[in-house]
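S.K.: After the structure tokens below, expect a handful of questions from me.
The values are calculated or read from the model by the stated rules, or taken from the named source; none is laboratory data. The shown structure was predicted, so the numbers you read here are calculated from the model rather than taken from an experiment. Note: ideal-geometry Cβ built from the backbone for every residue, glycine included; neighbour counts use all protein chains shown.
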Amino acid sequence: MVDYGVRFSNFNYFGPGTVYNYNDTVPGIRKSVKSEKIYNSGESIVNYHNWEPRASFKAQLSSSASIKGSYNRMAQYLHLISNTTASNPLDVWNPSTNNIKPEIGDQYTLGYFRNLGKENQYEVSMEGYYKRTKNQIDYIDGADLLLNKYLEGDLLSGLGRAYGLEFFAQKKSGRLNGWVSYTLGHTELKVDGINRNNWYSTRYDQRHNIKVAAFYDLTKRWSVSANFVYVSGTPTTFPTSRYVVQGILIPYNANDSRNNVRLPSYNRLDIAFRLDRKRMKNGKERKNQSYWVFSAYNVYARKNPFSIYFSQSDQRIPPGQPISSQANQLSIIGSIVPAISYNFKF
């Protein structure tokens, strides 16, 4: 079986607004403004359009096994400009403009899927993917991302690629059921002016991603569930050397590298117990159903790192002695979080 199609997308950037044209410069250096033009409300500033074809196939090897593959082209006209992997109110979303072209991605997938056991109780699959992109947005070293009307002068664009393997296994029925997934992947960019024009890992690169979910019925009314997550640490940029100027420690990246170090891994275990209300009353089924949930988030109180930053020691250093520095880890939730909830349906 083969499915295919094509979509046409069009993006028009309208005024009012001020459009800036920038001077050419050495890649990686902030561009200066050459000229500016004011557009009135409803006036077209720039227009982009793209054809987005897609196709997929399924080859049924037997009643319980199949091979599936797909190709998909996508165009993205809104761009997230951020230096963190977590969403926050300070994230900057920028539309495609005369200086920022839409991002184009081509993705290919191929996988093997199989059902096992009686009545297809078990499901397993293995799927590989490869994605290549162009016009990927990144920013120069020392970029000013917030409240900067000349933000486009700090942005660069280049190539991207992502590839990996995904493994999945699921038990669908029985008192004990659940699923396990594992992804081995890599996501990287190549932008002229960053990392000496070599490929480098993106902030969203996750080399290993393991997720486990399990559900067990203890009795007719009591059930327990558990959720475990393990993700490789995200790449970040650390200095490779330092200078001391008038007693002030100044970090320095001698190799001009980007995302040269990984933070410690993220892992967490959550557990929840559910107590259902009796469904029958006086021999009749209740019209309204309800249940209690007693849960614990981050059971073993893992202090997962959100970020790591360096600071200079406050201790007075004798003349001639090196100034010490320390690494500080910031964790958003570093303890167990218990919760009780009551849910009802009517």
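S.K.: Working only within segment 323-346, note down all residues that are assigned to a loop (DSSP other than H, G, I, E, B), within 25 Å of the chain's Cα centre (by Cα) and either acidic (Asp, Glu) or more than 30 Å from residue 251 (Cβ to Cβ) (or both).
M.R.: Of everything in segment 323-346, those that are assigned to a loop (DSSP other than H, G, I, E, B), within 25 Å of the chain's Cα centre (by Cα) and either acidic (Asp, Glu) or more than 30 Å from residue 251 (Cβ to Cβ) (or both) turn out to be 335, 336.
S.K.: Looking only at segment 47-94, how many residues end up being at pLDDT below 95, over 22 Å from the mean Cα position of the chain (by Cα) and under 21 Å from residue 14 (Cα atoms)?
M.R.: Qualifying residue count for the region: 0.
S.K.: Which residue out of 240, 236 is surrounded by 17 or more Cβ atoms within 10 Å (Cβ to Cβ) and under 30 Å from residue 142 (Cβ atoms)?
M.R.: Testing whether each residue is surrounded by 17 or more Cβ atoms within 10 Å (Cβ to Cβ) and under 30 Å from residue 142 (Cβ atoms) leaves just 236.
S.K.: When you look at residue 31, is it surrounded by 15 or more Cβ atoms within 10 Å (Cβ to Cβ), more than 30 Å from residue 110 (Cβ to Cβ) and either aliphatic (A, V, I, L, M) or in contact (Cβ under 8 Å) with a residue 12 or more places away in the chain (or both), yes or no?
M.R.: Here the answer is yes, as residue 31 does meet what is asked.
S.K.: For a quick check of your reading of the model, give me the residue pairs whose first member lies in segment 46-71 and is more than 23 Å from residue 130 (Cα to Cα), whose second is of a type in the set (A, V, I, L, M, F, W, C) and surrounded by 13 or more Cβ atoms within 10 Å (Cβ to Cβ), with beta-carbon atoms closer than 6 Å and at least 6 apart or on different chains.
M.R.: Between residues of segment 46-71 that are more than 23 Å from residue 130 (Cα to Cα) and residues that are of a type in the set (A, V, I, L, M, F, W, C) and surrounded by 13 or more Cβ atoms within 10 Å (Cβ to Cβ), the close pairs are 48/11.
S.K.: Quick check: anything in segment 95-117 touching a Gly at 6+ places or on another chain (Cβ under 9 Å), over 22 Å from residue 14 (Cβ atoms) and basic (Lys, Arg)?
M.R.: no
S.K.: Please go through segment 106-160 and give me each residue that is surrounded by fewer than 17 Cβ atoms within 10 Å (Cβ to Cβ) and basic (Lys, Arg), ordered by number.
M.R.: 114, 118, 132, 134, 149
S.K.: Take the residues in segment 34-78 that are among the acidic types (Asp, Glu) and part of a strand (DSSP E or B); name whichever of them is surrounded by the fewest Cβ atoms within 10 Å (Cβ to Cβ).
M.R.: 36
S.K.: Within segment 204-247, track down each residue that is modelled with pLDDT under 95, in contact with an Asp or Glu (Cβ under 6 Å, 6 or more places away or on another chain) and closer than 30 Å to residue 163 by Cα.
M.R.: 235
S.K.: Which number in (1) in contact with a His (Cβ under 7 Å, 6 or more places away or on another chain); (2) in a loop (DSSP other than H, G, I, E, B); (3) of a type in the set (S, T, N, Q) marks the one condition that residue 99 misses?
M.R.: Here residue 99 meets the rest and fails (1).
S.K.: State all residues of segment 1-54 that are in contact with a helix residue (DSSP H, G or I) (Cβ under 7 Å, 6 or more places away or on another chain) and charged (D, E, K, R); if no residue qualifies, say none.
M.R.: The answer is 30, 31.
S.K.: Looking at (1) among the polar types (S, T, N, Q); (2) part of a loop (DSSP other than H, G, I, E, B); (3) within 30 Å of residue 326 (Cβ to Cβ), which is the one condition that is false for residue 267?
M.R.: Exception for residue 267: condition (2).
S.K.: Here's something else I'd like to know. Scan (1) part of a strand (DSSP E or B); (2) within 30 Å of residue 66 (Cα to Cα); (3) modelled with pLDDT under 95; (4) not acidic (Asp, Glu) for the single condition residue 137 breaks and write down its number.
M.R.: (2)
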